[in-house]
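Structure first, then comments.
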């Protein structure tokens, strides 16, 4: 073999060896971001559920922004004001909500749902005094929490001339809460259970609470005390002192005569 051919043969042999070592190997391409573009070091597209979770967090932040503005006294915040408080673009607000009305309804729904736990019935075996205090404490906590968004809902009702349907469900839940909490007393009434429940319902309503707090400028503690006196007087007026004494476990109380009547069911409308 001529000496000049040696370098050529060596080069070919070297290239052949390298090719055999890399045969079957695939050089990975650049990672892609969630929009399909290249991004060095990216882990690849995010899962759909991750995007959904971020979307839900953003939606909640928008609702919280509206609730914060309403709590500060701005009962009719604009979409732009809500976006600025939430730290998002205006188009993000309209991505999650069709219009401001839907945003406001969703905020009301959120606040009502957060406070449904206050409408769990009190311990039925407890004495009447204990149940009265528990009902009044829960009513105070619930109404204080709901006052800002309820005042905003009043504005919505006055502007549109229609009832806010979400509040119908809340009223039915409150009525059921009262019927279950005072079932023992209401079941002893003779033909007056519905009227008595109506009176208890009216006394624990947010509108009545707002009158005490907003119009009369009473403190929350004073309003709670007025509420307890009112509920006690309602029951005392229909059952009598002896019955209330027996309900609290006092001896010597006589059971009122008359036919037992079941508490009327509290029908909860569908949302």
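The values are calculated or read from the model by the stated rules, or taken from the named source; none is laboratory data. Nothing here was measured: the structure is a model prediction, and the numbers come from that model. Every residue, glycine among them, receives a Cβ derived from its backbone with ideal geometry; neighbour counts consider all protein chains shown.
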Fill in the blank from the handout: When every residue in the range 87-104 that is touching a helix residue (DSSP H, G or I) at 6+ places or on another chain (Cβ under 8 Å) and not in a helix (DSSP H, G or I) is compared, the one nearest to residue 56 (Cα to Cα) is 97
Exercise for the section: Give me the pairs, please: first residue somewhere in the range 69-98 and closer than 20 Å to residue 150 by Cβ, second residue anywhere and part of a loop (DSSP other than H, G, I, E, B), beta-carbon distance under 6 Å, and either six or more positions apart or on two chains. Expected result: 69/77
Practice task
Please go through the range 112-130 and pick out each residue that is within 30 Å of residue 57 (Cβ to Cβ) and either at pLDDT 95 or above or out of contact with any helix residue (DSSP H, G or I) (no Cβ under 7 Å at 6 or more places or on another chain) (or both).
Solution key: 113, 114, 117, 120
Handout entry: Condition met for residue 63 (assigned by TED's automatic domain parsing to the domain that holds residue 185, surrounded by 17 or more Cβ atoms within 10 Å (Cβ to Cβ) and without any contact (Cβ under 8 Å) to a residue 60 or more places away in the chain)
Key = no
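With exposed (fewer than 15 other Cβ atoms within 10 Å of the Cβ), over 32 Å from the mean Cα position of the chain (by Cα), modelled with pLDDT under 95 and not assigned by TED's automatic domain parsing to the domain that holds residue 135 as the only criterion, which of 258, 237 stands out?
Only one candidate qualifies: 258.
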Exercise for the section: Kindly indicate which of 171, 138, 133 is assigned by TED's automatic domain parsing to the domain that holds residue 206, within 18 Å of residue 227 (Cβ to Cβ) and either loosely packed, with under 14 Cβ neighbours inside 10 Å or touching a helix residue (DSSP H, G or I) at 6+ places or on another chain (Cβ under 6 Å) (or both). Expected result: 138
Handout entry: Listing of helices (runs of 4 or more DSSP H) fully contained in the range 107-217 that carry 3 or more residues being within 24 Å of residue 78 (Cβ to Cβ)
Key = 128-160
